[in-house]
Amino acid sequence: MLRHQQTALAFARAWQQVDATDRVLGKLAERIALVLMGKHKPIYNPAVDSGDYVIVTNCTKIHVSGRKNEQLVYRKHTMYPGGLKERTFGDMMERKPEEIIRHAVSGMLPKNKLRDRRLERLRIFPGNETGILGVNVLRVWEGAEGANPDPLRTPPPTRRLEPDKVSKGGSEDYAEEDD
């Protein structure tokens, strides 16, 4: 039985950056979770942690739909009697805006032993500055001209090729179609 061996290059982790300006929280968290899991790679295996690093910038400019700005409540417990702490989305946006995205991405990841390791590869910054980590970025999702907003889908082709109407000798000649 023939088995294919994966090389170290196939498991190499890339650094990807996404600009959260005017993005919806749930859709952004879903795409980040897919990249952290490695589902955009052809070697994806649920039991192997093969995802990439993700840097999120401008997390203070993220949007939520509806009235979630007032109604969404984040809860945590101190494990002492009466220690339930509640904060609304607006309050969290003022105090810890990066925790909003981290909490949303954490909810999108599978609940298993790899979850914490995947969340360690998520770096979130409230502004545009990423510090020394910006040097590592190989791919930018948003904010650059012509950048692909979705890492899981390839962009449509820019030109379409069509077979020529007149074919000589049984071979197909291709000509560019004028747009």
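The values are calculated or read from the model by the stated rules, or taken from the named source; none is laboratory data. Quick caveat, the model's predicted, so the values are computed rather than measured. So basically every Cβ, Gly included, is an ideal-geometry build from the backbone, and we count neighbours across all protein chains shown. Ligands, DNA and RNA are excluded from the accessible area calculation, which covers all protein heavy atoms including side chains. Shrake-Rupley method; radii C 1.70, N 1.55, O 1.52, S 1.80 Å.
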In region 1-17, anything in contact with a Pro (Cβ under 9 Å, 6 or more places away or on another chain) and modelled with pLDDT of 90 or more is listed as Q16
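Per-residue answers, yes or no, for (1) on the phi > 0 side of the Ramachandran plot; (2) among the charged types (D, E, K, R):
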position	(1), (2)
K41	no, yes
C59	no, no
S65	no, no
Q71	no, no
G82	yes, no
K85	no, yes
I101	no, no
Kindly indicate which of K39, K27, K76 is touching a Lys or Arg at 6+ places or on another chain (Cβ under 8 Å) and more than 13 Å from R115 (Cα to Cα).
K76
For region 91-111, does any single residue satisfy the condition of being over 20 Å from N136 (Cα atoms), of a type outside the set (S, T, N, Q) and in contact with a His (Cβ under 7 Å, 6 or more places away or on another chain)?
no
Mind checking which pairs have a first residue in region 30-50 that is under 20 Å from T7 (Cβ atoms) and a second that is of a type in the set (A, V, I, L, M) and open to solvent by 40 Å² or more (accessible area, probe 1.4 Å), Cβ under 9 Å, 6 or more apart or different chains?
G38/V48; K39/L152; H40/L152
Candidate set: region 58-74, residues that are touching a Gly at 6+ places or on another chain (Cβ under 8 Å) and outside any loop (DSSP other than H, G, I, E, B); chosen: the one modelled with the highest pLDDT:
T60
Looking only at region 34-92, filter to residues that are among the basic types (K, R) and in contact with a strand residue (DSSP E or B) (Cβ under 8 Å, 6 or more places away or on another chain); which one of those is most open to solvent (accessible area, probe 1.4 Å)?
R75
N148 vs. criteria surrounded by 12 or more Cβ atoms within 10 Å (Cβ to Cβ), modelled with pLDDT under 95 and over 16 Å from T57 (Cβ atoms):
yes
Take residues that are among the basic types (K, R) and tell me which of the helices (runs of 4 or more DSSP H) falling wholly in region 83-133 contain 2 or more.
115-120
Identity of the residue in region 134-145, assigned to a loop (DSSP other than H, G, I, E, B) and modelled with pLDDT of 50 or more, that ends up nearest to the chain's Cα centre (by Cα)
W141
Can you tell me how many residues within region 57-109 are over 22 Å from the mean Cα position of the chain (by Cα) and among the β-branched types (V, I, T)?
3
